[in-house]
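Beneath this line is the structure, given in structure tokens, with notes to follow.
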Amino acid sequence: MKTLTRYFKVWWLMSKNSFMSMLTQKFGASVFIIGKLLRFGFFVAFIFFLLKGANTLAGYTFNQTIFFFLTFNLVDVASQFLFREVYRFRPLVVSGEFDLILSKPISALFRSLMGGADVLDLITIPPLIAGIIYVAGFLNPSTVHITLYILLIINGLLIATAFHIAVISFGIITLEIDHAIMIYRDLTNLGRLPVDIYMEPLRGILTYLIPVGIMVTLPAKALMGLVSAQGVLLSFLLGLAAIFISLRFWNFALTKYTSASS
Amino acid sequence: MQMFLVFFLWSSVFSDPSRELFGYNREKILTYVFGILVIRAIVLSARAVDVAGEISRGDITNYLLKPINYFRYWFTRDISSKALNLSFAALEAVILFFLLKPTIFIQTNGAILALFFLSLVIAVLTFFCLLFLVNIVAFWMPENGWAAQFLFIVIIAEFLSGGVFPLDILPIETQKVLNLLPFPYLLFFPLQVYLGKLTIAAILKGILTGIFWVVALAFGLRQVWNRGIKHYEAIGR
Amino acid sequence: MVDHLVKDFEVTQKEPGLAGSVRSLFSPKKKQVHALKGISFSVMPGELVGFIGPNGAGKTTTLKILSGLLYPTSGLSQVLGYDPWERKPDYLKKIALVMGQKNQLWWDLPAIETFELNRAIYEIPKKRYKETLDELASILQVEKLLKTQVRRLSLGQRMRLELIAALLHNPEVLFLDEPTIGLDILGQEKVRDFIYDYNRKYGATILLTSHNMGDLINLSRRVIVINEGRIIFDGALEELVGRFAKRKTITVYLTKEIDIKEIEHIGKVKKVQFPQVVLSVPRTTAAVAASEILQNFPVGDLTIEEQSIEEIIGKVFKGETPAKAKG
């Protein structure tokens, strides 16, 4: 328990530092936010007009489709909020500062994963949640559904965590992680709309391999009461397995660490 | 990668092959999607995204000292980049074509094709001017030069040029406003011409608007550039 | 006080595959780099040891293994009774690593913010933290800089703040990698004085690596010379000079120009800049050489000196065998 409080305190301080660093670049930060808001707005408008004309998308109504989109954003933004530091990992290793992180009595994994919580993303989360609750209202979910939704979202975040851990483990070994991250982002972006629209084998890949389907589409479906008990169970198992494997991988990667030369 | 999203999206909307929506049928919409892939490589790929970086690092001084026209230098680099990207896009299109097997609409009317090429040329020039303009903001904001680029090119141009969805799904009034801006002429308009969805009159109107924008942007670019250079030299980097 | 022995540290083969690997798309050729070829030494608590060696010799690698960053391919190392590789938090709380020109301070923020963060990471009680901070800040004369954004400070100032950041938790062992690199003469002196005082005052064991002779001459009594992954010398600095300095330097100031070739008979000419000529002669015959010069050449002034430490060490690197002991 004591360790947990300590880690939380460190995370808090790091996020605070991160936030303060960001404030010194106000202009860039605001442009970024505006850009993100615009992109979000454009896509919503798109869905709106599309469904106005087409009525359904792969069998889902407008509200449902919007809900999928919102859920996607929640998972996406939450993982960017927590794991923004992963994008800075490569420069960290290349410059040798990773050494300094390794030599501290705090898990280097923790530090490299969550050391740079992005406040800008944090700001966009409450409105997202508000939006989700609003739209969900139209879908009339039962309490069971809602609970499942929340649990599955957490599971989705677990998978995202596992993925980020895997990425930085790769980063230790090869340094070529920027591409890995981009591919990840591209693939998860396919989850903006319900995975059902994709044909096999793409849908299979998205559900089981890079489990965007499980991270995003599944929770939303759960809310709408469209999932089976097996499906849910399977996805939890996947989430746990993913974390386990990625942690193993990280430890392995450390033995291969070569450090920037001097 | 986004191709998949867009392609399957429309595939699913038009899963019934006889459906007609927003003036598109399945064939036309899928052609649109593939067309965007190719045209994007021609119009939107550019190396001039590096200009802001060159300015903020001060590297631009080297070029100013040399007897070359900075614009032409970058334009040539852009063209070569476009050629490269075009070959990749063509490859991608072929692969995706065989994977997804859509029916594609091939334009056969010679006059229309000619106008199509003309619109492409206009698109390339427009984008160049736009991109450059947005980059030389770096003269005044070296730290944040990337910001304008991000906002305008990555976000605004992506959507408003028809890169994500064809602009005709938007209500008529909105479309009218958009057509006054340069963005639709980058991707959407050329594709519309190709698909034969416009009357000759509409095509000509569009081309004229496009030309207007090229001229206006080029002129504006020149003005801003001169001011920017003066500012740059005043700072003395 | 826990015995701090680093024993039997034999690392035979390390395989980073970095140095000069030729990469091709399909078959990357990885060269095995043997960074450390079996080195052993031990250090007593409170000692100040300097590691010296040319680039790529393995001194930084040694430090990194001892601080738990790198995984030794084989061999043992033990610091303060711990195996560094396990990186137990308790171990890490007792050591500190400072690398010249690598920052742990957050760039856009004042140093004090990083210090607070470290306080939480190392779990330093508030009172002790404040005492240590005040003391270190006053010794290093940076009290006024604590609240300034780190990016606005000069390299020397930043280095001093980095030192504080590393010492807030009163480590028992301090690993310093090139601490004076990039600093001007004054900055170097300040850092050296500080390190020396810290060692005396707190009894912390200090291992430092450097290229800078000044660091070694002024700081460490004991030096370990590493070259190509092996220890070539381990002992007092005076001994190093004694064993390896086989030549002396004679500096002559001439009153008239001469034919340089004549003076080349007497010794190796190292530098000619009229009226100065610098020669290097074997130690044993130095006196004879000097009198020869005085007799045969128009000399205004003449001095005989020991070889500079730089030259001596340079020779050691090149693998010259020492005068008496085996190589």
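Values in this text are rule-based calculations from the coordinates and carry no lab data. Please read all numbers here as calculations on a predicted model, not as lab measurements. All Cβ positions, glycine included, derive from the backbone under ideal geometry; neighbour counts span all protein chains shown.
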Label point distance in nm, A:I34-B:T76, each placed 7 Å from Cα along Cα→Cβ: 3.6 nm
Using a Förster distance of 25 Å, the FRET efficiency for B:T103-B:A202 (Cβ separation, nearest 0.05): 0.50
FRET efficiency, C:N55 to C:M213 (Cβ-Cβ, R0 22 Å, nearest 0.05): 0.90
Using a Förster distance of 35 Å, the FRET efficiency for C:K147-C:D197 (Cβ separation, nearest 0.05): 0.90
Rounded to 5, the percent of DSSP beta bridges in the protein assembly as shown classed as antiparallel: 60 percent
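What's the exposure ranking of C:F297, A:F67, going from fewest to most Cβ atoms within 10 Å? Intermediate values should be presented prior to the final figure.
On the way: C:F297 17, A:F67 26.
Result, fewest neighbours first: C:F297, A:F67.
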Listed pairs C:K37/C:K64; A:K2/C:K64; C:K261/C:K315 exceeding 19 Å between Cα atoms: A:K2/C:K64; C:K261/C:K315
Vicinal HN-Hα couplings computed from phi for segment C:187-194 (Karplus, 6.51 cos²θ - 1.76 cosθ + 1.60; Hz; Gly/Pro x): x, 4, 4, 4, 5, 4, 4, 4
Anchor B:K205: lysines whose Cα lies under 24 Å away (excluding residues fewer than 8 positions away in-chain): B:K28, B:K176, B:K197
Stretch gain in nm, segment A:D186-A:V144, where the contour uses 0.36 nm per residue and the Cα spacing is subtracted: 11.9 nm
Segment B:2-235, relative contact order in percent, only Cα pairs under 8 angstrom and at least six apart counted: 26 percent
Backbone HN-Hα couplings from phi across segment C:203-220 [Karplus 6.51/-1.76/1.60, Hz, Gly and Pro as x]: x, 6, 7, 10, 10, 10, 10, 6, 9, 7, 4, x, 4, 6, 5, 8, 9, 8
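Count charges around B:L9 for me, please; just the other residues with Cβ under 13 Å from its Cβ, Lys/Arg as +1, Asp/Glu as -1.
Summing Lys/Arg as +1 and Asp/Glu as -1 gives +1.
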Gap separating the Cα centres of segment C:170-239 and segment C:265-288, nearest whole Å: 32 Å
Between segment B:184-207 and segment A:83-125, the Cα center-to-center distance that results, in Å: 49 Å
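Per-residue Cβ counts within 10 Å, from other chains only, averaged over C:108-120: what number is that? It would help to have the intermediate numbers written out before the result.
On the way: counts 8, 7, 1, 0, 0, 5, 2, 0, 3, 10, 4, 3, 10.
The mean count of partner-chain Cβ atoms within 10 Å per residue comes to 4.
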Test item: Cα-centred dipole of chain B, Lys/Arg +1 and Asp/Glu -1 on Cβ, debye: 440 debye
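With n ≥ 4 as the cut-off for DSSP H runs, can you work out [θ] at 222 nm for chain A, using -39500 (n - 2.57) per run divided by the number of residues, rounded to the nearest 500?
-24500 deg cm²/dmol
Give, in nm to one decimal, the length gained when the segment between A:A130 and A:F252 is fully stretched (0.36 nm per residue of separation minus the Cα-Cα distance).
Between A:A130 and A:F252, full extension yields an extra 39.8 nm.
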Segment B:34-109: mean projected area of Cα convex hull, nm²: 7.1 nm²
DSSP loop GluC sites (Glu not before Pro) with at most 15 other Cβ within 10 Å: longest gap in chain B: B:21-142
Reach of C:K147 by Cα under 26 Å, taken over lysines that are not fewer than 8 positions away in the same chain: A:K9, A:K16, A:K26, A:K104, C:K93, C:K102, C:K126, C:K127, C:K130, C:K190
Note, ³J(HN,Hα) from phi for segment C:271-280, Karplus 6.51, -1.76, 1.60, rounded to Hz, x at Gly and Pro: 7, 10, 8, 3, x, 9, 10, 10, 10, 10
Cβ neighbours within 10 Å from other chains - mean over A:48-54: 5
Cα lying deepest toward the dipole's positive end in the protein assembly as shown, options B:F139, C:H265, B:I200, charges on Cβ: B:I200
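Ignore the peptide's own chain and count Cβ atoms of other chains within 10 Å of each Cβ in A:5-17; give me the average, rounded.
3
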Residue order, fewest to most beta carbons within 10 Å, for A:I165, C:I258: C:I258, A:I165
For C:F51, residues with placed amide H under 5 Å, excluding near neighbours: C:L208, C:T209, C:S210, C:I224
